[in-house]
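Trainee: Next up is a structure, given as structure tokens.
Nothing in this text is a laboratory measurement; each read-out follows from the coordinates by a stated rule. Everything quoted here is computed from the prediction, not taken from an experiment. Cβ coordinates were reconstructed from backbone atoms using ideal geometry, including for glycine residues, and neighbour counts include every protein chain displayed.
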Amino acid sequence: MVDESLLKDMKAAQDAGAASASPEVMMKVFSFIKQISTENEDLKEELEDMDIAIQMVITDADKKHWLTVKEGALEFGEGNVDNPSFTMSSTLEVGAGILMGEVDATSAYMAGDITVEGNLQDAMAFQEIIELALEAYEDLIEDL
């Protein structure tokens, strides 16, 4: 079961918009993705055979976050990850916007608002994780 207070925090952050996001919002989104990944069948299926390590660099807040998926288990934290599949760098507003569904990652990449170093297929798989998690989030907040 997803923590209701986490959902409320995410809803408040989403209502405020990515422009006012803090780096902590990104960790809350990762926490939500981890929680929902054990409940949502579509997300479980997506993560099942995945083996990726994602490094996110927030260029204007001097913050780094990571997320790994291995054998269906998702972990995350602050700082550096060993051997990232790809590194995504962006401003806090763009990074939070992607995680909160305000910004399309592909469009941001094409516009130069994010840079991706490493495996682009893994970056697209990460986008799929975010999209599935956001769909589950939308279903859950209807009940709040």
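Trainee: Figure the gain on full extension for THR91 and ASP42 (residue separation times 0.36 nm, minus the Cα-Cα span) and round it to one decimal in nm. Let's see the in-between values first.
Mentor: Values: separation 49, 0.36 × 49 = 17.64 nm, distance 2.96 nm.
Result: 14.7 nm gained on full extension.
Trainee: Right, something else. In percent, what relative contact order does the range 1-73 have, based on Cα pairs under 8 Å that are 6 or more apart in sequence? Don't skip to the end; give the middle numbers.
Mentor: Details: 67 pairs, mean separation 19.0, N = 73.
Answer for the range 1-73 is 26 percent.
Trainee: Counting only residues 5 or more places away or on other chains, whose amide H sits under 5 Å from the amide H of PHE86 once H atoms are built in the peptide plane?
Mentor: The list, which skips near neighbours in sequence, is ALA53, GLN55, ASN119.
Trainee: May I have the convex hull volume per residue, in Å³, for the Cα set of the range 27-87?
Mentor: 77
Trainee: Note down the relative contact order for the range 4-139 as a percent, whole number, built from C-alpha pairs under 8 angstrom at least six residues apart.
Mentor: Relative contact order here is 24 percent.
Trainee: A further question follows. Distances longer than 24 Å among the Cα atoms of the chain: what percent of all pairs is that?
Mentor: 24
Trainee: Let me ask something else. Take GLU78 and SER20, extend 7 Å from each Cα along the Cα→Cβ direction, and tell me the distance between the two endpoints in nm.
Mentor: The modelled label-to-label distance comes out at 2.2 nm.
Trainee: I would also like to ask the following. Calculated from DSSP H runs of 4 or more alone, at -39500 (n - 2.57) each and per residue, what is the 222 nm mean residue ellipticity of the chain, nearest 500?
Mentor: Helix contribution divided over all residues of the chain: -15500 deg cm²/dmol.
Trainee: On to the next question. Within the chain, what percent of beta bridges assigned by DSSP are antiparallel, to the nearest 5?
Mentor: Restricted to the chain, the bridges split so that about 80 percent are antiparallel.
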